Ligand SMILES: Nc1ncnc2c1ncn2[C@@H]1O[C@H](COP(=O)(O)OP(=O)(O)OP(=O)(O)O)[C@@H](O)[C@H]1O
Ligand SMILES: [Mg+2]
(Lines give C-alpha, C1' and ligand atoms only; values in the text may rest on other atoms or scores of the structure.)
(Ligands and ions follow the chains in the order given, each with its own letter.)
Protein backbone atom coordinates (compact mmCIF):
# COMPACT_ATOMS: atom_id res chain seq x y z
CA UNK A 1 0.00 0.00 0.00
CA UNK A 2 1.79 3.18 -1.17
CA UNK A 3 -0.19 5.57 1.03
CA UNK A 4 -2.84 5.82 3.76
CA UNK A 5 -5.63 5.94 1.15
CA UNK A 6 -4.54 2.50 -0.06
CA UNK A 7 -4.60 1.20 3.53
CA UNK A 8 -8.16 2.55 3.88
CA UNK A 9 -9.10 0.62 0.73
CA UNK A 10 -7.76 -2.60 2.26
CA UNK A 11 -10.09 -2.00 5.20
CA UNK A 12 -12.99 -1.29 2.86
CA UNK A 13 -12.33 -4.53 0.99
CA UNK A 14 -12.46 -6.38 4.31
CA UNK A 15 -15.88 -4.91 5.17
CA UNK A 16 -17.78 -7.20 2.79
CA UNK A 17 -16.78 -10.29 4.79
CA UNK A 18 -17.77 -8.90 8.18
CA UNK A 19 -20.47 -10.87 10.00
CA UNK A 20 -21.50 -11.45 13.61
CA UNK A 21 -19.05 -13.64 15.50
CA UNK A 22 -16.04 -12.86 13.33
CA UNK A 23 -12.70 -11.78 14.78
CA UNK A 24 -9.90 -9.88 13.01
CA UNK A 25 -6.47 -9.41 14.55
CA UNK A 26 -4.36 -6.46 13.37
CA UNK A 27 -0.66 -6.83 14.07
CA UNK A 28 2.34 -4.70 13.27
CA UNK A 29 4.65 -2.17 14.85
CA UNK A 30 3.48 1.23 16.11
CA UNK A 31 2.28 3.36 13.22
CA UNK A 32 2.01 0.64 10.58
CA UNK A 33 -1.65 1.45 9.87
CA UNK A 34 -3.78 -0.87 12.01
CA UNK A 35 -6.24 1.84 13.02
CA UNK A 36 -6.33 3.06 9.41
CA UNK A 37 -7.48 -0.41 8.28
CA UNK A 38 -10.26 -0.37 10.88
CA UNK A 39 -11.27 3.12 9.74
CA UNK A 40 -11.58 1.82 6.16
CA UNK A 41 -13.50 -1.25 7.29
CA UNK A 42 -16.04 0.79 9.27
CA UNK A 43 -16.36 3.21 6.38
CA UNK A 44 -16.94 0.22 4.10
CA UNK A 45 -19.83 -0.79 6.35
CA UNK A 46 -21.35 2.64 5.86
CA UNK A 47 -20.16 4.31 9.07
CA UNK A 48 -19.58 8.03 8.52
CA UNK A 49 -18.59 9.16 12.02
CA UNK A 50 -15.16 9.62 13.53
CA UNK A 51 -13.09 6.51 14.21
CA UNK A 52 -10.87 7.16 17.21
CA UNK A 53 -7.89 5.03 18.09
CA UNK A 54 -8.77 3.02 21.21
CA UNK A 55 -5.22 3.34 22.57
CA UNK A 56 -6.45 5.05 25.74
CA UNK A 57 -9.97 3.70 26.11
CA UNK A 58 -8.86 0.14 25.12
CA UNK A 59 -12.18 -0.39 23.34
CA UNK A 60 -14.46 1.67 21.09
CA UNK A 61 -17.87 0.17 20.37
CA UNK A 62 -19.79 0.70 17.12
CA UNK A 63 -23.32 -0.21 16.21
CA UNK A 64 -23.70 -0.28 12.43
CA UNK A 65 -26.92 -1.61 10.90
CA UNK A 66 -27.54 -4.76 12.94
CA UNK A 67 -23.85 -5.33 13.74
CA UNK A 68 -22.19 -4.77 17.11
CA UNK A 69 -18.50 -4.13 16.52
CA UNK A 70 -15.76 -3.67 19.08
CA UNK A 71 -12.46 -2.08 18.14
CA UNK A 72 -9.82 -2.99 20.73
CA UNK A 73 -6.26 -1.85 21.27
CA UNK A 74 -4.38 -3.90 23.86
CA UNK A 75 -1.09 -2.02 23.52
CA UNK A 76 -1.32 -0.78 27.08
CA UNK A 77 -1.68 -4.25 28.59
CA UNK A 78 1.58 -5.01 30.37
CA UNK A 79 0.88 -8.72 30.51
CA UNK A 80 -1.86 -11.22 29.92
CA UNK A 81 -3.22 -10.97 33.45
CA UNK A 82 -4.51 -7.50 32.52
CA UNK A 83 -6.52 -9.10 29.72
CA UNK A 84 -8.03 -11.50 32.26
CA UNK A 85 -9.03 -8.73 34.67
CA UNK A 86 -10.31 -6.45 31.88
CA UNK A 87 -13.46 -8.54 31.45
CA UNK A 88 -13.18 -8.16 27.68
CA UNK A 89 -13.46 -11.90 27.18
CA UNK A 90 -17.26 -11.68 27.21
CA UNK A 91 -17.16 -9.32 24.20
CA UNK A 92 -15.87 -12.21 22.10
CA UNK A 93 -19.13 -13.96 21.38
CA UNK A 94 -21.29 -15.06 18.47
CA UNK A 95 -23.17 -11.74 18.37
CA UNK A 96 -20.26 -9.37 18.06
CA UNK A 97 -17.50 -8.52 15.62
CA UNK A 98 -14.11 -7.94 17.28
CA UNK A 99 -11.27 -6.00 15.62
CA UNK A 100 -8.16 -6.23 17.76
CA UNK A 101 -4.96 -4.17 17.61
CA UNK A 102 -2.02 -5.54 19.60
CA UNK A 103 -3.68 -8.94 20.26
CA UNK A 104 -0.27 -10.34 21.26
CA UNK A 105 -0.48 -8.31 24.49
CA UNK A 106 -3.21 -10.71 25.65
CA UNK A 107 -0.86 -13.61 24.99
CA UNK A 108 -2.22 -17.04 24.32
CA UNK A 109 -5.36 -16.29 26.32
CA UNK A 110 -6.94 -14.83 23.20
CA UNK A 111 -8.27 -17.47 20.82
CA UNK A 112 -6.87 -17.47 17.27
CA UNK A 113 -8.82 -15.01 15.08
CA UNK A 114 -10.70 -15.92 11.93
CA UNK A 115 -8.42 -13.58 10.04
CA UNK A 116 -5.01 -12.20 10.93
CA UNK A 117 -3.68 -9.07 9.21
CA UNK A 118 -0.01 -8.25 9.73
CA UNK A 119 1.25 -4.84 8.62
CA UNK A 120 4.87 -3.95 7.90
CA UNK A 121 6.70 -0.82 6.85
CA UNK A 122 7.73 -1.03 3.18
CA UNK A 123 9.70 2.02 2.09
CA UNK A 124 7.36 5.00 2.41
CA UNK A 125 4.33 2.69 2.35
CA UNK A 126 3.11 -0.48 4.03
CA UNK A 127 2.78 -4.16 3.24
CA UNK A 128 -0.13 -6.32 4.44
CA UNK A 129 0.00 -10.08 5.01
CA UNK A 130 -3.27 -11.91 5.59
CA UNK A 131 -3.76 -15.36 7.10
CA UNK A 132 -6.99 -17.19 7.82
CA UNK A 133 -7.29 -19.44 10.86
CA UNK A 134 -10.76 -20.90 10.36
CA UNK A 135 -13.19 -21.86 7.62
CA UNK A 136 -14.95 -18.57 8.28
CA UNK A 137 -11.63 -16.77 7.92
CA UNK A 138 -11.01 -18.53 4.62
CA UNK A 139 -14.34 -17.25 3.29
CA UNK A 140 -13.53 -13.78 4.61
CA UNK A 141 -10.18 -13.88 2.82
CA UNK A 142 -11.81 -14.99 -0.43
CA UNK A 143 -14.33 -12.18 -0.20
CA UNK A 144 -11.44 -9.75 0.45
CA UNK A 145 -9.52 -10.99 -2.58
CA UNK A 146 -12.56 -10.60 -4.81
CA UNK A 147 -12.83 -6.95 -3.75
CA UNK A 148 -9.18 -5.92 -3.40
N1 LIG B 1 0.21 2.64 3.36
C2 LIG B 1 0.58 3.72 4.06
N3 LIG B 1 1.61 4.49 3.65
C4 LIG B 1 2.00 5.55 4.38
N5 LIG B 1 1.41 5.95 5.54
C6 LIG B 1 0.38 5.23 5.99
C7 LIG B 1 -0.09 4.09 5.27
N8 LIG B 1 -1.12 3.55 5.98
C9 LIG B 1 -1.30 4.32 7.06
N10 LIG B 1 -0.41 5.35 7.10
C11 LIG B 1 -0.24 6.38 8.11
O12 LIG B 1 0.49 5.86 9.19
C13 LIG B 1 0.15 6.56 10.40
C14 LIG B 1 -0.16 5.59 11.51
O15 LIG B 1 -1.36 4.89 11.18
P16 LIG B 1 -2.26 4.18 12.29
O17 LIG B 1 -2.58 5.11 13.39
O18 LIG B 1 -3.36 3.55 11.55
O19 LIG B 1 -1.21 3.09 12.84
P20 LIG B 1 -1.41 1.99 13.97
O21 LIG B 1 -0.77 0.76 13.46
O22 LIG B 1 -2.82 1.92 14.38
O23 LIG B 1 -0.52 2.56 15.17
P24 LIG B 1 -0.58 2.19 16.74
O25 LIG B 1 0.21 0.91 16.93
O26 LIG B 1 0.08 3.36 17.38
O27 LIG B 1 -2.02 2.04 17.12
C28 LIG B 1 -1.02 7.47 10.03
O29 LIG B 1 -0.53 8.78 9.85
C30 LIG B 1 -1.53 6.88 8.73
O31 LIG B 1 -2.14 7.86 7.92
MG1 LIG C 1 -3.74 2.07 16.22
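The values are calculated or read from the model by the stated rules, or taken from the named source; none is laboratory data. Computed from a predicted structure; not experimentally measured. Methodologically, a virtual Cβ is constructed for each residue, glycine included, from the backbone with ideal geometry; neighbour enumeration extends over all protein chains shown.
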Revision key, fill the gap. Residues in region 18-44 that are away from ligand 2 (no atom under 16 Å from the Cβ) and either surrounded by 23 or more Cβ atoms within 10 Å (Cβ to Cβ) or under 11 Å from the mean Cα position of the chain (by Cα) (or both) total 3
Check your understanding: Taking region 45-54, which residues are surrounded by 15 or more Cβ atoms within 10 Å (Cβ to Cβ) and within 12 Å of ligand 2 (Cβ to nearest atom)?
Key -> 51, 53, 54
Exercise for review: State whether one or more residues within region 62-83 are in contact (Cβ under 8 Å) with a residue 60 or more places away in the chain, under 10 Å from the mean Cα position of the chain (by Cα) and either more than 13 Å from ligand 2 (Cβ to nearest atom) or crowded, with 18+ Cβ neighbours inside 10 Å (or both).
Suggested key: no
Revision key, fill the gap. When every residue in region 93-116 that is touching a strand residue (DSSP E or B) at 6+ places or on another chain (Cβ under 9 Å) and part of a loop (DSSP other than H, G, I, E, B) is compared, the one surrounded by the fewest Cβ atoms within 10 Å (Cβ to Cβ) is 95
Check your understanding: Within the set of pairs 6 or more residues apart or between chains, which connect a residue that is modelled with pLDDT of 95 or more inside region 11-23 to a residue that is loosely packed, with under 15 Cβ neighbours inside 10 Å and part of a loop (DSSP other than H, G, I, E, B) with Cβ atoms less than 6 Å apart?
Key -> 13/148; 20/95; 21/94
Practice item. Kindly establish whether residue 6 is more than 16 Å from ligand 2 (Cβ to nearest atom), touching a helix residue (DSSP H, G or I) at 6+ places or on another chain (Cβ under 7 Å), at pLDDT 95 or above and closer than 20 Å to residue 130 by Cα. Key: no
Exercise for review: Determine, yes or no, whether residue 125 is under 17 Å from residue 7 (Cβ atoms) and either touching a residue at least 60 places away in the same chain (Cβ under 8 Å) or within 11 Å of ligand 1 (Cβ to nearest atom) (or both).
Suggested key: yes
Point to revise | Inter-residue pairs, beta-carbon under 6 Å, first within 16 Å of residue 117 (Cβ to Cβ) and in region 38-58, second more than 14 Å from ligand 2 (Cβ to nearest atom) and modelled with pLDDT of 95 or more, 6+ apart | key: 40/12; 41/14; 41/15; 44/12; 44/15
Review point. Among the residues of region 5-12, is there at least one that is more than 11 Å from ligand 1 (Cβ to nearest atom) and surrounded by 16 or more Cβ atoms within 10 Å (Cβ to Cβ)?
Key: yes
